[in-house]
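Please treat every number below as a calculation from the coordinates, not as lab data. All values derive from a computational prediction rather than experimental measurement. Counting neighbours? That spans all protein chains shown, and the Cβs are built from the backbone with ideal geometry, glycine included.
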Ligand SMILES: Nc1nc2c(ncn2[C@@H]2O[C@H](COP(=O)(O)OP(=O)(O)OP(=O)(O)O)[C@@H](O)[C@H]2O)c(=O)[nH]1
Ligand SMILES: [Mg+2]
């Protein structure tokens, strides 16, 4: 048995605390899975270097279906554009161009990226999307991953940050049910705070679970993308 992050030039696991955490999910069998993950890690590193050569800061927004990734990206981009930064996005979805269309409508530059049937983006798909972008024109790249709290975790794309977006409407047990993605990311965002009471969810429960899982070494930010609450803190956390 080898650990996933043993294969990567840039660690895909940023913090392993071991504080009461079942880490068995971070181990993979050597074989085909190893090759796929190893190749992805190599390509992710290539993407990372390419983005760095162009001085671009990048964020991979992973998270549940409907948690608010597109809304958040559009709002954050508006804030960054107001600061004079040039922002581009890759809209990842299994099929269709709904999110891409929403981004474009908001005034963002974006590229659509369909996975066909896969439940996550991978570094190869992102490399192809990057070929369609004139990287000299941008300061920031946001990547919206496919809505899913499982599969994207194992496939780093080569971004500076990996953020997980969940929302109050999913209940208070997402961190307890999905350790892997929270451990494979740099920070977490709890969206839809404006309707936490209406869906009978106590955000403190979610934040306490996250604190326990990460040994208090990572932060979960609360926000409402819809009501523009907590977004400045996220911009600051992502050092944008
Ligand atoms: N009340 C409330 N609704 C929100 C908020 N953020 C997003 N929404 C709504 O939630 C729904 C889903 O938002 P999206 O931004 O499309 O979510 P997504 O994560 O991009 O969804 P997928 O790409 O399909 O996985 C939309 O109807 C949004 O208007 C929020 O902060 N508060
Ligand atoms: Mg979306």
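Can you pull the Rg over Rh of the chain, Cα-only, Kirkwood?
Looking at the chain, the ratio lands at 0.94.
Testing the spin-label approximation: label points 7 Å from Cα along Cα→Cβ at residue 127 and residue 219. State their distance in nm.
According to this spin-label approximation, the distance is 3.4 nm.
State the antiparallel share, in %, of DSSP beta bridges confined to the chain, rounding to the nearest 5.
Antiparallel bridges: around 10 percent, rounded to the nearest 5.
Determine, from the Cβ-Cβ distance of residue 42 and residue 119 and an R0 of 22 Å, the FRET efficiency 1/(1 + (r/R0)^6), rounded to the nearest 0.05. Don't skip to the answer; put the middle values down first.
Numbers: r = 21 Å, r/R0 = 0.98.
According to the calculation, E is roughly 0.55.
Normalised by the residues of the chain, what does the relative contact order come to in percent, with Cα pairs under 8 Å and at least six apart?
With pairs under 8 Å counted, the relative contact order is 24 percent.
Quick one: order 136, 67 by neighbouring beta-carbon count within 10 Å, fewest to most.
Working: 136 9, 67 26.
Starting with the residue having the fewest Cβ neighbours, the order is 136, 67.
What residues from the stretch 76-90 fall in the zone where the backbone N is under 17 Å from a label point 7 Å along the Cα-to-C-beta line of residue 104?
The answer is 88-90.
Given contacts defined as C-alpha pairs under 8 Å and at least six residues apart, what's the relative contact order of the stretch 128-240, whole-number percent?
Values: 127 pairs, mean separation 25.6, N = 113.
Computed value for the stretch 128-240: 23 percent relative contact order.
Hey, how many Å between the Cα centroid of the stretch 178-240 and the Cα centroid of the stretch 141-165?
15
Just from its helices, what would the mean residue ellipticity at 222 nm be for the chain, if runs of 4 or more DSSP H residues each count -39500 (n - 2.57) and the sum is divided by every residue, rounded to the nearest 500 deg cm²/dmol?
Numbers: 8 runs with 80 residues, N = 240.
The helix contribution divided over the chain gives -10000 deg cm²/dmol.
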